[in-house]
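Questions regarding the structure given below will be posed in turn.
Values in this text are rule-based calculations from the coordinates and carry no lab data. Here the structure is a predicted model, which is why all the values come from computation and not from measurement. All Cβ positions, glycine included, derive from the backbone under ideal geometry; neighbour counts span all protein chains shown.
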Amino acid sequence: MPLYTFRPVANGLGTDHPIPDLPFVDDSHLPTEPHAIEAIGRKPGGTTWGRQDSTRDGGWAANTTDPQRTDLAWYVRFHPQHGRSVMLVRNSDVAFQHQTFAIEMRNALLFRTGGYWWDGTGWFRPAQIWDQATERIVPRPVPGASTVSAADVLDPSADASRAHLLTVTELDLDAPAPRQWLDDLALWAERRASTRPLTECVVRLAAPELTGDQLVGAGEMAQLAGIAASTLRAYLVRGESEIPEPQAVIGGRNAWSRPVALEWAEQRTKSRDSVTDAVSVDHDGSTMPVGRSELWTRFTDILFSRLWTSPGARQRWAIRFRTEKQVRKIAEDLGWSVAADLGSIVPINELAVVVRGAVLDEIASSLNPARPMEDWTYFGLLPQVAKMLDWLIRHEPVVGQRVIAEIIGEAERRFEIPRRVAENTIETALTLDGSLDHETLDEYLTRAMPTAK
């Protein structure tokens, strides 16, 4: 899932939505059309890059490496109703930013305050919660949020003559935020080419959850997540655990809004490590899933018995038996112990039921009432489903035979699919995605297919 982690370094003077506390850089060399922006960076040699994509809202997103500063790139997001955002970003960030803006979070028109995003009508918290069932971000609206426009922020006492409009070559990435930003904003208001009303130029959001008393530091954020503060600091240093961008930096220390911290703790409970911990046990000082621990214990006992308890095997510890041939013999014996006990590793009969259901579900999802059955020669199966049927056949051919017969019978009874079509479906899937050679597969299917009526 996308997580807002990039930080723009400057506003383009042609933006409609200035980002607070970032300098303004002259972008007059940028074209207004997406293909032309992309073309700037699409040069032979591979040192620069450009890309543009249409968005579902009727707008577009485009980026290009700056020709004078190849460590920087311009990013432009256009919406037919809400105007343009023009940002200067690090060139190393632009691909991820484009993926987020133009592909994964197409409703997001701009980001502010560490990942809070605006879709043109409302504000939402940083995208941290991912619904695996729908494979979509769960948008969490910000209660009481209001949009702060350029008209709201412009200070009558600001003086555009004190402002600093930079060229891209003058931009210092390590410089602190400009103290005269309101003066810079006044210059932007005077020099911008857009006729968009200042009341519709978004600068930031205001919300109760972003007030000072709702911000938490690293210690409290760690406490909300049930981890040590030192662990959180280690995550921050190493860039791990998808920690969201802070909403503020106070006295050199990061601060997050309490809801963002709580949602980070929430998504941690859905992480791979958290899910694994839920069914894990301690095994001789190591934490692992309970099934793996049981398997380890089982084969420790089996292999110990093979190596030590049996007098015939125990004598092989003598020096005269420590040859490559004898060690290989022991390895073969141990390997057979594992292979012969496959049923304790994989529940074969239960797997057979799952594979049968998966194949039938693939067939059912492909059926089209408007297409006559006589037009079908076979149904396509997902490669993953075909591979599991192939695995079953290679490891338990008798069970595989039973599953094939059940699939053909169920397809005939439930969906009135002719036997030849079901047989072709299985044969085609195993030919395309199975690992048996054609001769072996043909011989197996000849024997395994049920006798025709």
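Report Rg(Cα)/(2.2 N^0.38 Å) for the range 111-194, keeping two decimals.
Here the answer is 1.50, to two decimals.
In what sequence do Asp172, Asp333 fall when counting other Cβ within 10 Å, fewest first?
Result, fewest neighbours first: Asp172, Asp333.
Hey, what did the range 141-242 get for relative contact order, percent, Cα under 8 Å, at least 6 apart?
Relative contact order here is 36 percent.
If we sort 62-68, 301-307, 90-96, 364-370 on the protection proxy, mean other Cβ atoms within 10 Å, highest first, what's the order?
Per-residue Cβ counts within 10 Å, averaged per peptide and sorted highest first, yield 62-68, 90-96, 301-307, 364-370.
Give the Rg/Rh ratio for the range 194-258, taking Rg as the radius of gyration of the Cα atoms and Rh as the Kirkwood radius, to two decimals.
1.15
Continuing with this model, one more query. With a 10 Å radius around each residue's Cβ, average the other Cβ atoms per peptide and rank 211-217, 151-157, highest first.
My ranking of the peptides, most packed first, is 211-217, 151-157.
Right, here's the next one. Using the number of other C-beta atoms within 10 angstrom as an exposure proxy, rank Tyr116, Tyr444, Tyr75 with the fewest first.
Fewest-to-most Cβ neighbours within 10 Å comes out as Tyr444, Tyr75, Tyr116.
Continuing with this model, one more query. Sorting Phe379, Phe101 on the 10 Å Cβ count, fewest up front, what's the list?
If I rank by nearby Cβ atoms, fewest first, I get Phe379, Phe101.
Rg/Rh for the range 10-207: what does it come to with C-alpha atoms and Rh from Kirkwood?
Reported Rg/Rh, Kirkwood definition of Rh: 0.96.
Determine the dipole magnitude for the chain: charges of +1 sit on the beta-carbon of Lys and Arg, -1 on that of Asp and Glu, nothing else is charged, the reference point is the Cα centre, and the result goes in debye to the nearest 20.
1080
Sticking with this structure for a sec: Put +1 on the Cβ of every Lys and Arg and -1 on every Asp and Glu Cβ in the range 380-453; which of Gly400, Pro418, Leu441 then has its Cα farthest towards the positive end of the dipole?
Highest projection toward the positive end goes to Pro418.
Just want the answer: with Cβ charges of +1 for Lys and Arg and -1 for Asp and Glu, which residue in Ala10, Val290, Ala340 is farthest toward the dipole's positive end in the chain?
Ranked along the dipole, the leading option is Ala340.
Still on this structure, please answer the following. Return the Cα extents of the range 1-53 along principal axes one, two and three, sorted largest first, each rounded to a whole Å.
Largest first, the range 1-53 extends 36, 34, 20 Å along its Cα principal axes.
Okay, next question. For a quick protection proxy, order the peptides 28-34, 6-12 by their average other-Cβ count within 10 Å, most packed first.
6-12, 28-34
Could you size up the charge dipole of the range 348-448 around its Cα centre, putting +1 on the beta carbon of Lys and Arg and -1 on that of Asp and Glu, and report it in debye to the nearest 20?
Charge dipole of the range 348-448: 240 debye, to the nearest 20.
In the chain, which longest range has no GluC sites (Glu not before Pro) that are both DSSP loop (not H, G, I, E or B) and surrounded by at most 16 other Cβ atoms within 10 Å?
Here the longest run is 243-415.
Further, regarding this structure: Across the Cα atoms of the range 1-104, what radius of gyration and what greatest pairwise Cα-Cα distance (Dmax) are found, in Å?
Rg and Dmax of the range 1-104, Cα atoms, are 12.6, 38 Å.
Find the Rg to Rh ratio for the chain, where Rh is the Kirkwood radius over alpha-carbon pairs and Rg uses the same atoms.
My calculation of the ratio gives 1.13.
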